[in-house]
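Here is the structure we will look at.
The values are calculated or read from the model by the stated rules, or taken from the named source; none is laboratory data. From a predicted model like this one, the values you see are computed outputs, not experimental measurements. Neighbour counts are summed over all protein chains in view; Cβ atoms, including those assigned to glycine, are modelled from backbone coordinates with ideal geometry.
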C-alpha cells in the first residue's frame, strides 16, 4: 500500500507505484482491445514524417486543436472593462458557464457574466421573454451601472433582434427607458474571440456616441487634447493597462482607457468580493468622442471599431500590433508624442536604455535560435519583432484566426528583416498543423499558450508560455509586456527557458556536466 | 471560527428562514416566486429536501449551470479515450471544454488516444446557411486518414446543429458503412436542450444504448467471463478517481471489466452488458444506462460511495452482498487492510478540522456523496445544493444531511454569496466560477469538481489526499493576512 498519512502521495506519484502500474497494464491487456505495440509505434513515427505533414496540410474540413475561441468570449472580455457593467449574453446558458470558467482559469479571478438561459421553447418562439425577464433580474439583483448585451450562436441562428428586444424589454419595465444597454451581435460562427471584442466595443461606441439606438441625439464632437486608448483582447491586460497608464502619466498625456478591465481582473483578497472594480465610466465614454485620436494596441482586434471612429467621427485612429520590441515601443511612444505634442520624457529614455542594456547583456543566447510562434494575430507580430531584434529567427508563425491581410503583413515584416528570411506564415492553421511543422522543420523553442505543452510533449520543443490562455502557470498576466518594462519581462521569460534548457541538457555527471556552468 | 453561530436547531432553522426570505427580496416578483421553490432547509423526517429541481434556470441571474453539450461531450462521452469526439458546430464549445476536466487516462495522445484533444468542425457562416452535413462527412474521411488507429467517432452536437436541420444520423450511418462498420455515434446534445448538463447525460446514455449496444446484440463476449465481473459506472477518473476505486474492487476479488467513462474504451462499453453487476457511482449521469442494462440484459446495478472510510466500508459490503462468501471475505480483508491508513489520516487531520462547517454546491452527486468524508474528519456540512440534480437526488440527500441543513437548488451567484456571507462557513466546496469569489471574501475554498487540480479523492488512497487538501485550505496561514494591520 503506497499511500501514507505522513507523506501523502499525490496523483503524480501515486499512480506510478507498482500496484497501480500492474493494475493499469492488466486493464489495457484484458479489456481495452489495445492497438498492438508495433503498430502503435509505426503510426507514432509516421505522424512525424513529411508524408503525414502533406496529408495534414491537405485537411479541408477538420480542425484539430485550434488556437482561437469564439466571438462571445471576446464580447465578455470587452464588456467587463466598463464600470459596473454586467455582460449579458443572449442565448444558451452553458456558453456563459464556459466563458466564466475560461477567464477564471487564466486570471485566477472571478468572472461575472449572466445568460438569458434560452432553452428549446426559446428556439421555437424566440428569446424575447428571456431578454425581458433576464434584464429585469440582472438589473435588480446586481444593480449594475450598465448591461452589455451580446449573443451566442443559438440566438444568431434563430435570428433574434437585439435592438428590438431591448426596446421591448425597456417598454415592459425590465430596466428604465434611459438605462444604458449597449448591444452587439456576436455570432460564434464568424471570426473569433478578437472579432467579438471588436463588435462589442463598436457597439458601446455606437451606443454612447451615436444616439443610443435612436433614442437620443447623437453627440456633437468638439475635439480636445485627450486621446483614447484601447488594449484589445490581451492576455496581459492587467499588467499592460497599468503600465500604459504609468507611461501616459509620465508623459503628461490626457487619456481615456477604453474597456479597462485591469482592476476587475485583479481585485484584492481582503474580505470583500468586488463584483465590479474600476473600468471605463459612462462619463468617460461620452467624453471620449471629443478625443483627438484613438489608439489601438491591436489592429486585428479593433478593425471595425477604429473604422467607425474614423469614418463616422473623423477622429484620427492609430493602431499597433501588440508592440513588444524596442523599435515597436519607440514607434508607439513617438506616435503618442506626435499626436499629443508631449515629448517622451527622460524617464522613458532611461527605461529604454535599460532594456537595450539587458538585450546587449543577453541577446547572444537568443541570436540564431529558431522559434515557432502561434497565437492571436497581433501578438504573433509583436513577438516576432522582438525576437528578430535579439537576432532570433522566427521560423513558423501561425494564427488560427489570422487571415490573408495578416499573412501579407507578416510576410512584409519578414521580408524586410534578415532574421525573417527562413520563416513561413500560416494563417487559418491549427496546432495539429504546428505539430507537423515542428517534426519536419524543427525549431529550438516554441512560443504559445498553455496548449503548447502538448506540442512540447510530442515534439520535444521547449515551450515558452506567452499567449492566451495560460492555465498552468500563475500570475503572468499581472506583468506587462508593453512598454520597455514589458519588453524586459518578455526577455526574462524567454531567457529563463533557454537557460533551463541548457542546464537540463548538461546536467548528467561525468558525461555532460562540464558545461553545467555556474555563470552564463 | 463561525461568528455569532446560532446555538440550537430552532435558532438555526429560524436563521435559515429569515436568510431565504431576505435573499428572495432582491428579486422582481416573478423570479422571486420561481426562486422561492428552490430554496429551503432539510427537516428531519421528510423524504426529500422540499425544493423543486431540474427546471429551467431564471434568465439573467448568474446560474452556475452548463448545458446538454457539456453533459454529453464534457462528462459522458469525452473520456472514452480511443474514440474521437467531434465538437460539431462553432469553435468555442470544444475550446472551453478542451482538457479541462482532468479525466485521466493512459494512452498515446493523438495516435491511439484522443481525450485531451479538441476536434471541431469550426462552423463558419456558410455551414450555417448551407448546412454542415457535407463538411461532417468530409471530417470523418479526414479523421480516418490522419488518425487511423481510432476506434470510433462521436458527433457532439452544438446548438446550431438542431436549429439548421442537419441530419447527422444519416451521415454517421453512411460513414459507418463506408468504414467497415466502425462505431460512429451521432449525439443530439445541442446546448439549448433541457435545462442543464443533465439532459446531456441522458441523451448521451441513450446514444450508447442505440448506437453501441444495439450493434452488439447477439454477439459473444470478446473476453473470458467470470462470476466476478463488474463494471464501474459513473466514475470519470478525475485526478485518477476511478483508478483508486478500481484497485479496491480488484483487491476484494472482483474483476473490473469496464470503466464508464474515465479511462474507458469502446471495447469496455461493449463488454458491459456481460457484467454480473454494475456498480454506479454518479447516479445522476449514468442511472439511465444502468436501468437499461438491467431491463434489457438483466444486469443488476447498485449505487456506492467511495468518499471517506465510513462510506467506503459500507459500500464495499453492499457490493460484496451481491456475491459469494469469497467476495464478502475479500471486502472485509480490504477494509481491514486500509484501516491503519484511514485511522492515521483521521488521527492526523481530525483534530485540525473537527467542528468546522462546510457549504457545498456541486453537480449531481457530490452535494451528498462527499458529506460522509467530511464527517469522518469531524466536519459538518451546513448547506448543500445541486447544479443539476433531480428530485431523486434530493430524496437520496436526506440520508446524508442533518436537520436544518440549508438547501439551495441551482443557486444563483447572488444567493450563494449572501448565504456564505451570513452563515460564515469555514470552507466552501464548489467550482472554478465560485472559487475566487469566496476566497476574496476570506473564506477557504476547494474546487469540488476538479479537486482543485489535486486528487484522486475516491477510495482510501484518495481519502488521504482529500483530508490533506481540506486541511491546507482551512488552516492556511494566508487567511490570517486578509485584514491589513493598519
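Observations, loosely collected:
- Of B:136, B:146, all but one fail to be facing chain A (nearest Cβ under 7 Å) and within 19 Å of residue B:182 (Cβ to Cβ); the exception is B:146.
Residue-wise test of (1) surrounded by fewer than 24 Cβ atoms within 10 Å (Cβ to Cβ); (2) in contact with a strand residue (DSSP E or B) (Cβ under 9 Å, 6 or more places away or on another chain).
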| residue | (1), (2) |
| --- | --- |
| A:236 | no, no |
| A:247 | no, no |
| A:255 | yes, yes |
| A:260 | no, yes |
| A:271 | yes, no |
| A:274 | yes, no |
| A:292 | yes, yes |
| A:296 | no, yes |
| A:299 | yes, yes |
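- Pair list, Cβ under 6 Å, 6 or more apart: region B:247-269 residue facing chain A (nearest Cβ under 8 Å), other residue surrounded by fewer than 24 Cβ atoms within 10 Å (Cβ to Cβ) and part of a helix (DSSP H, G or I): B:247/A:23; B:257/A:31; B:257/B:271; B:258/B:271; B:268/A:31
- Near pairs, Cβ below 8 angstrom, 6+ apart or cross-chain, from region B:1-23 (at pLDDT below 95) to any residue that is part of a helix (DSSP H, G or I): B:2/B:423; B:6/B:12; B:6/B:14; B:6/B:15
- Sole exception among (1) part of a helix (DSSP H, G or I); (2) surrounded by fewer than 22 Cβ atoms within 10 Å (Cβ to Cβ); (3) within 12 Å of chain B (Cβ to nearest Cβ) for residue A:163, by number: (3)
- Here residue A:33 meets each of (1) at the interface with chain B (Cβ under 9 Å from one of its Cβ atoms); (2) surrounded by 24 or more Cβ atoms within 10 Å (Cβ to Cβ); (3) touching a helix residue (DSSP H, G or I) at 6+ places or on another chain (Cβ under 6 Å) with one exception, condition (2).
Residue-by-condition table, conditions (1) within 11 Å of chain A (Cβ to nearest Cβ); (2) more than 28 Å from residue A:34 (Cα to Cα); (3) in contact (Cβ under 8 Å) with a residue 12 or more places away in the chain; (4) surrounded by fewer than 22 Cβ atoms within 10 Å (Cβ to Cβ):
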{"residue": "B:272", "(1), (2), (3), (4)": "yes, no, yes, no"}
{"residue": "B:278", "(1), (2), (3), (4)": "no, no, yes, no"}
{"residue": "B:284", "(1), (2), (3), (4)": "no, yes, yes, no"}
{"residue": "B:307", "(1), (2), (3), (4)": "no, yes, yes, no"}
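- Residues in region B:156-165 that are more than 8 Å from chain A (Cβ to nearest Cβ), in contact with a strand residue (DSSP E or B) (Cβ under 8 Å, 6 or more places away or on another chain) and either surrounded by fewer than 17 Cβ atoms within 10 Å (Cβ to Cβ) or not in a helix (DSSP H, G or I) (or both): B:156, B:157.
- Residue A:39 vs. criteria within 28 Å of the chain's Cα centre (by Cα), more than 7 Å from every other protein chain (Cβ to nearest Cβ) and either surrounded by 17 or more Cβ atoms within 10 Å (Cβ to Cβ) or modelled with pLDDT of 95 or more (or both): no
- Within region B:214-232, the set of residues being loosely packed, with under 13 Cβ neighbours inside 10 Å, more than 12 Å from every other protein chain (Cβ to nearest Cβ) and under 29 Å from residue B:315 (Cβ atoms) comprises just one member, B:227.
- Some residue of region A:98-115 being surrounded by 24 or more Cβ atoms within 10 Å (Cβ to Cβ), farther than 28 Å from residue A:257 by Cα, at pLDDT 95 or above and at the interface with another protein chain (Cβ under 7 Å from one of its Cβ atoms): no
- Test for residue B:432: is it closer than 23 Å to residue B:315 by Cα, buried (at least 21 other Cβ atoms within 10 Å of the Cβ), touching a helix residue (DSSP H, G or I) at 6+ places or on another chain (Cβ under 9 Å) and free of Cβ contacts under 8 Å to residues at least 40 places away in the same chain: no
- Qualifying residue in region A:46-57 (condition: more than 7 Å from chain B (Cβ to nearest Cβ) and assigned to a strand (DSSP E or B)): no
- Residue in region A:469-487 that is under 13 Å from residue A:371 (Cβ atoms) and more than 14 Å from chain B (Cβ to nearest Cβ) present: no
- In region A:128-160, the residues that are more than 30 Å from the chain's Cα centre (by Cα), in contact (Cβ under 8 Å) with a residue 24 or more places away in the chain and facing another protein chain (nearest Cβ under 9 Å): A:130, A:132, A:133, A:136
- Scanning region B:452-472 for residues that are surrounded by 23 or more Cβ atoms within 10 Å (Cβ to Cβ), in contact (Cβ under 8 Å) with a residue 24 or more places away in the chain and assigned to a helix (DSSP H, G or I) turns up B:459, B:460, B:461, B:462, B:463, B:464, B:466, B:467, B:470.
- In this structure, residue A:225 does satisfy being under 30 Å from residue A:339 (Cα atoms) and part of a loop (DSSP other than H, G, I, E, B).
- Complete set of residues in region A:320-340 that are in contact (Cβ under 8 Å) with a residue 24 or more places away in the chain and more than 28 Å from the chain's Cα centre (by Cα): A:340
- Residues located in region B:122-133, provided they are more than 7 Å from every other protein chain (Cβ to nearest Cβ) and either within 19 Å of residue A:56 (Cα to Cα) or not in a helix (DSSP H, G or I) (or both): B:131, B:132
- With respect to (1) within 23 Å of residue B:189 (Cβ to Cβ); (2) within 12 Å of chain A (Cβ to nearest Cβ); (3) part of a loop (DSSP other than H, G, I, E, B), the lone exception for residue B:93 is condition (3).
- When residue B:106 is tested against the conditions (1) without any contact (Cβ under 8 Å) to a residue 40 or more places away in the chain; (2) facing chain A (nearest Cβ under 8 Å), the lone failure is (1).
Quick grid of which residues meet (1) out of contact with any strand residue (DSSP E or B) (no Cβ under 9 Å at 6 or more places or on another chain); (2) in contact (Cβ under 8 Å) with a residue 12 or more places away in the chain; (3) within 14 Å of chain A (Cβ to nearest Cβ):
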residue: B:45; (1), (2), (3): yes, no, no
residue: B:50; (1), (2), (3): no, yes, no
residue: B:58; (1), (2), (3): no, yes, yes
residue: B:66; (1), (2), (3): yes, yes, yes
residue: B:69; (1), (2), (3): no, yes, yes
residue: B:76; (1), (2), (3): no, yes, no
residue: B:81; (1), (2), (3): no, yes, yes
residue: B:86; (1), (2), (3): no, yes, yes
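- Output for region B:434-450, where each listed residue is outside any loop (DSSP other than H, G, I, E, B) and more than 9 Å from every other protein chain (Cβ to nearest Cβ): B:445, B:446, B:447
- Here residue B:412 passes the criteria (1) in contact with a strand residue (DSSP E or B) (Cβ under 8 Å, 6 or more places away or on another chain); (2) without any contact (Cβ under 8 Å) to a residue 40 or more places away in the chain; (3) within 14 Å of another protein chain (Cβ to nearest Cβ) except the one numbered (2).
- In this structure, residue A:467 qualifies as in contact with a helix residue (DSSP H, G or I) (Cβ under 7 Å, 6 or more places away or on another chain) and on the phi > 0 side of the Ramachandran plot.
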